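Structure record follows, encoded as structure tokens.
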Amino acid sequence: MDKRIIMSHKEAGRYDIIKKAIDKEIKGSQAADILNLTSRHVRRLKRKVKDKGLEGLIHASRGKPSKKKIPDDEREKIIKLLHKHYHDFGPTFATEKLDEDHKITRDPKTIRAIMIDEDLWKPKKKKKQEYRSWRQRRQSFGEMQQYDGSYEYWFEDRGKKCCLLASIDDATGKITQAKFDAHEGVEPTFNFWQTYLENHGKPRAIYVDKFSTYSMNHKLAKENPDTLTQFQRAMQQLGIEVISANSSQAKGRVERLFKTLQDRLIKELRLHTISNVKDANTFLEKTFIPKFDARFGVIPRSQENLHTKVTKKEHSDFPSIFSKHYERIIRNDYTLSYKNIWYQLEETQSVAIFKQDIVKVEERFDGTIVFKLKGRCLKYKQLPVRPKKSSLKKDPWVLAQRVPVKPAADHPWRTHAYANQ
């Protein structure tokens, strides 16, 4: 019975050339040029073909298990761990957790192949993408921060939906600050940046979303209509430039950050059985962010830190800067109203006040209300109820009730000819 030999097209093509070299139809140097091999390699192939025939060209390791093959017991262990703990992880993240928590070090491609075999991962089809030009990262740390918020079920079914506020440095790709909060309204945003300034100093610019971050597009963001205005005003006072992106793709650094966090952070919170905002914020600060920055951070082109130190004057003005600012007009009786509450300005003030002056109202987050004119705080007292004006005159728009008049029997209208028709 003839023995069948399975060969590749490459090996079959080599055989024809090597056979001609053996039969001296062509020279060895010519065979080397045709096969793009060295003359020494051609001589080895000639010896193998003379000794074994066609089999001499077949790779010696064909049909044998690879020396790099994972032992069966280790493979079974990996499969069990993947099904138990990492069934919804991506191959790269699963590889990192196997190494970190179980001391199993393997290439992500190997884990990916196992996950595909176990139906835990499906290769994604490549989508046609629109052309977008590349924007180079900023040069130095602190030159620009990209900031946004993301509403998500970060604790899955273990907690309520909440918002993650995060800033990422454009030059280094590192998370400079992240914090969970109920929403991304005025107060959470101001608290976020006050903490940032105390920890890092003032960045030169902040890149924010022009629309979704500061619009009423979520039921939790009840304060959002004036967030952008208040935020811009506060940053202007501190000398920080606010750049508004015209699309989500423009601030791709922070968009990709949230895409990564929605995959990795949710799973990390699950593995650490964290289900509340307080513990999650501690985990972010102490554990997750340092690991994330070490894993994904890059070296900036310049080692200079462009953050500016907050001055003592600015720090003392934080309660004023990070508060809601509005304007009100002083009425003729030196009163003004804010949120349907009336206030009486006192007679003695540190600055001259006049009727129709525009007063700045600061609603601070500790619950206090401050009125300022020309940078000076005004003294006031809250009125219990504003007295109503009394007037004996009837309102001009109220009409008197009309009584219908019945014509007399001898009225000309009744005697007219057509009245009796």
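Restricting the first member to the range 324-336 and to residues that are at negative phi, and the second to residues that are of a type in the set (Asp, Glu) and assigned to a loop (DSSP other than H, G, I, E, B), the beta-carbon pairs closer than 8 Å and six or more apart or on different chains are ILE329/ASP357; ILE330/ASP357. Does any residue of the range 70-83 turn out to be surrounded by fewer than 13 Cβ atoms within 10 Å (Cβ to Cβ), within 20 Å of ARG264 (Cα to Cα) and modelled with pLDDT of 90 or more? Yes, the conditions are met somewhere in the range 70-83.
Within the range 395-403, identify whether any single residue is part of a loop (DSSP other than H, G, I, E, B), among the β-branched types (Val, Ile, Thr) and modelled with pLDDT under 70, and answer yes or no. Checked against the condition, which is being part of a loop (DSSP other than H, G, I, E, B), among the β-branched types (Val, Ile, Thr) and modelled with pLDDT under 70, the range 395-403 yields at least one hit.
Can you find, within the range 300-333, the residue that is nearest to ALA234 (Cα to Cα) among those that are out of contact with any helix residue (DSSP H, G or I) (no Cβ under 7 Å at 6 or more places or on another chain) and of a type in the set (Asp, Glu)? The qualifying residue nearest to ALA234 (Cα to Cα) is ASP317.
Pick out the one residue from ARG44, ARG106 that is in a helix (DSSP H, G or I) and either surrounded by 17 or more Cβ atoms within 10 Å (Cβ to Cβ) or out of contact with any Phe, Trp or Tyr (no Cβ under 8 Å at 6 or more places or on another chain) (or both). Walk me through how you get there before you give the answer.
Details: ARG106 fails: in a helix (DSSP H, G or I).
From the options ARG44, ARG106, the qualifying one is ARG44.
Contact map, the range 241-258: residues that are closer than 15 Å to ARG137 by Cα paired with residues that are acidic (Asp, Glu) and at pLDDT below 90, Cβ distance under 7 Å, separation 6+ or inter-chain. Pairs shown: LYS251/ASP209.
Within the range 273-289, does at least one residue satisfy the condition of being out of contact with any Lys or Arg (no Cβ under 9 Å at 6 or more places or on another chain), surrounded by fewer than 15 Cβ atoms within 10 Å (Cβ to Cβ) and not in a helix (DSSP H, G or I)? No.
Residues of the range 18-38 that are touching a Ser or Thr at 6+ places or on another chain (Cβ under 8 Å) and under 15 Å from LYS48 (Cα atoms): GLY28 alone. Filtered by the rule that a residue be surrounded by 16 or more Cβ atoms within 10 Å (Cβ to Cβ) and among the charged types (D, E, K, R), the range 235-269 gives LYS251, ARG253, GLU255, ARG264, LYS267, GLU268.
The values are calculated or read from the model by the stated rules, or taken from the named source; none is laboratory data. Keep in mind that this is a model prediction, so the values were computed, not measured. Methodologically, a virtual Cβ is constructed for each residue, glycine included, from the backbone with ideal geometry; neighbour enumeration extends over all protein chains shown.
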